[in-house]
């Protein structure tokens, strides 16, 4: 299995409070992106990270991790799909893949449930129906 973490964006909504990429916010003393990479690697998942804004800083947060890096030089003009395109060669025919935003805190239980699922899956927080960036409801 492979995972692509999308970490190219600038995170303009949070920048007035935090002047680094959102994926580098520390939770429990560890950047979110590093925690995610370690969680994936512990399950034998090969990881790629797509960089853009402050890419060198993110690389530093992942120092020592077995990660393949890709660059999205157009990160300020494209969206997540543009970043995914930059890492398309990392995807292997017939191999399962996870595409994840690098700035999301994942609980081990959520990742395990995703991996147990059959077919395409999209995870969404159903509790955020009134406040948030996106609203996914059944």
Does residue 18 satisfy the criteria of being modelled with pLDDT of 90 or more, over 29 Å from residue 118 (Cα atoms) and outside any helix (DSSP H, G or I)? no
So which residues in segment 56-82 are farther than 18 Å from residue 101 by Cβ and touching a residue at least 24 places away in the same chain (Cβ under 8 Å)? 66
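Here's the yes/no breakdown for (1) modelled with pLDDT under 95; (2) more than 20 Å from residue 9 (Cα to Cα); (3) within 13 Å of the chain's Cα centre (by Cα):
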| position | (1), (2), (3) |
| --- | --- |
| 35 | no, no, yes |
| 61 | no, no, no |
| 74 | yes, no, no |
| 77 | yes, no, no |
| 84 | yes, no, yes |
| 97 | yes, yes, yes |
| 103 | yes, no, yes |
| 112 | yes, yes, no |
| 121 | yes, yes, no |
Among the candidates 48, 42, which residue alone is under 20 Å from residue 106 (Cβ atoms), exposed (fewer than 12 other Cβ atoms within 10 Å of the Cβ) and at pLDDT 95 or above? 42
Residue 61 vs (1) under 20 Å from residue 27 (Cβ atoms); (2) surrounded by fewer than 16 Cβ atoms within 10 Å (Cβ to Cβ); (3) in contact with a helix residue (DSSP H, G or I) (Cβ under 9 Å, 6 or more places away or on another chain): all pass except (2)
Checking the condition in contact with a helix residue (DSSP H, G or I) (Cβ under 7 Å, 6 or more places away or on another chain) and surrounded by 17 or more Cβ atoms within 10 Å (Cβ to Cβ), which residue from 66, 103 passes? 103
Determine the pairs where a residue that is at positive phi and touching a residue at least 24 places away in the same chain (Cβ under 8 Å), located within segment 41-55, has a partner that is buried (at least 20 other Cβ atoms within 10 Å of the Cβ) and in a loop (DSSP other than H, G, I, E, B) with Cβ atoms under 6 Å apart, the partner being 6 or more residues away or on another chain. 54/21
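The values are calculated or read from the model by the stated rules, or taken from the named source; none is laboratory data. Being a predicted model, the structure only gives us computed values, none of them experimental. For neighbour counting, all protein chains shown are included, and Cβ atoms are generated from backbone atoms with ideal geometry for every residue, glycine included.
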